[in-house]
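See structure below.
The values are calculated or read from the model by the stated rules, or taken from the named source; none is laboratory data. Computed from a prediction, not measured in an experiment: that's the story for all the values here. For neighbour counting, all protein chains shown are included, and Cβ atoms are generated from backbone atoms with ideal geometry for every residue, glycine included. Ligands, DNA and RNA are excluded from the accessible area calculation, which covers all protein heavy atoms including side chains. Shrake-Rupley method; radii C 1.70, N 1.55, O 1.52, S 1.80 Å.
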Amino acid sequence: MMLLGSERNDASGSVVAVFGTGLLGFSIIEALQLRSPRSVIELALDWQNPIARLPQFHVIENAIRRELQSGARLHVLWSAGHAGFMSSENETAAELQAFVEVLTMAERLAREYPRTTLHLISSAGGLFEGQRHVTPQSQPHPQRPYGHLKLRQEEALLGSRAPLARRIYRVTSAYGYVRPRFRAGLVATLILNAVRRQVTYLTGRMDTLRDYVFIGDVASYIAGRFLNDHDGGASAVFLARARPCSLLEVQHLVEEAYGSKLHISYAMGTANAEDVTFSQATTPPDWHPSDLRGNVGIIYRDACSRGLPAGRFSHVKEAH
């Protein structure tokens, strides 16, 4: 995990504890640093070993307390997790345990430092899989362990009785830049395998509809909430483009940026073929997602300028 110190040495500042520094968590840290540079401390946390985590949480909590001596506000972000759409119940159970441990620590801190907020990255697709035109009145109906995990995380946070502000972000199918150390999303996988002239294996139909949202937009929005949202209580927002796009359309956009046809193999079946689409009414008024076509071009040019890593993402089976 990473601990970002207060940008000001008084009560008007904020301390941010980030649990999960994958592509989204790291992007949020970058967005925060661009807005208000601050010190960053990296602290060990063993996601695989609950026994090893006990003393590590003690170190983390003490480090947070030291940063809060100025009276700053505390933001705890959960953006962690190795579990994905195809994960088993054993994998999701272990991840739920780790989340509850972070929530328990945040509750302890909130009782001593009431200006504490826990921010949870949830999954709109996992919660509403198979539902079309999801509205604010739609109810989650998870279809697989990953969706049930996200629902249980939300319920645990919303059920907390600590003086803790709670923010939930239901993110749709996120895509972002090509970064070798992070999990590759759909667009990154297509670009990498296109340049290498390798086959990309996709689960779903060509006409399967998803709501693709740029990870930079998500990171910028959440960073803004850290700096400007000082209310208590609880809220849940959808971060979606509310403009569904088929797998074939995304394929064509990457082909347009690359300038040639891609080699794609679609796995026929129903395992991940359900549409998931969202109404514009679900999104917050201050959320302004960017254009998918333009972002695909930006991601492709960024990958080429950095030099593509050799072979790292070959034959990725994309589950989204």
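Computed 3J(HN,Hα) for the range 213-219, one whole-Hz value per residue from the Karplus formula 6.51 cos²θ - 1.76 cosθ + 1.60 where θ = phi - 60°, is 10, 6, 5, x, 5, 4, 4, glycine and proline marked x. Considering only Pro289, Pro142, Pro180, the mean-square fluctuation computed in a Gaussian network model of the chain, springs between alpha carbons under 10 angstrom, is largest for Pro180. Karplus-based coupling profile of the range 125-130, in residue order and whole Hz: x, x, 6, 10, 3, x, with θ = phi - 60° in 6.51 cos²θ - 1.76 cosθ + 1.60 and x standing for Gly or Pro. Share of carbon and sulfur in the accessible area of the range 18-121 stands at 55%, probe radius 1.4 Å.
Within the listed set Ser87, Ser305, Ser260, the residue fluctuating most in the Gaussian network model of the chain (springs between alpha-carbon atoms under 10 angstrom) is Ser305.
For the chain, what is the charge dipole size about the Cα centre, in debye to the nearest 20, if Lys and Arg each add +1 at the Cβ and Asp and Glu each add -1 at the Cβ?
400
Computed from backbone phi with θ = phi - 60° and the Karplus coefficients 6.51, -1.76 and 1.60, the 3J(HN,Hα) list for the range 229-241 is 9, 10, 7, x, x, 9, 8, 9, 10, 8, 10, 9, 7 Hz; x is used for glycine and proline.
In this structure the chain gives 44 Å² per residue of accessible area when probed at 1.4 Å with all protein chains present. Annotation: amide H-H contacts under 5 Å for Val76 (H modelled 1.01 Å from N, sequence separation of 5 or more, or interchain): Ala17, Thr117, Leu118, His119. The accessible surface of the range 186-252, taken with every protein chain in place and a 1.4 Å probe, is 51 percent carbon and sulfur.
In this structure the amide hydrogen of His133, modeled in the peptide plane, comes within under 5 Å of the amide hydrogens of Thr277, Phe278, none closer than 5 places in sequence on its chain.
Spin-label model, Asn49/Met86: points 7 Å from Cα along the beta carbon direction are separated by 2.9 nm. Under a 5 Å amide H cut-off, with hydrogens placed 1.01 Å from N, Val171 pairs with Ser122, Ser123, Ala124, Leu239 among residues at least 5 apart or on other chains.
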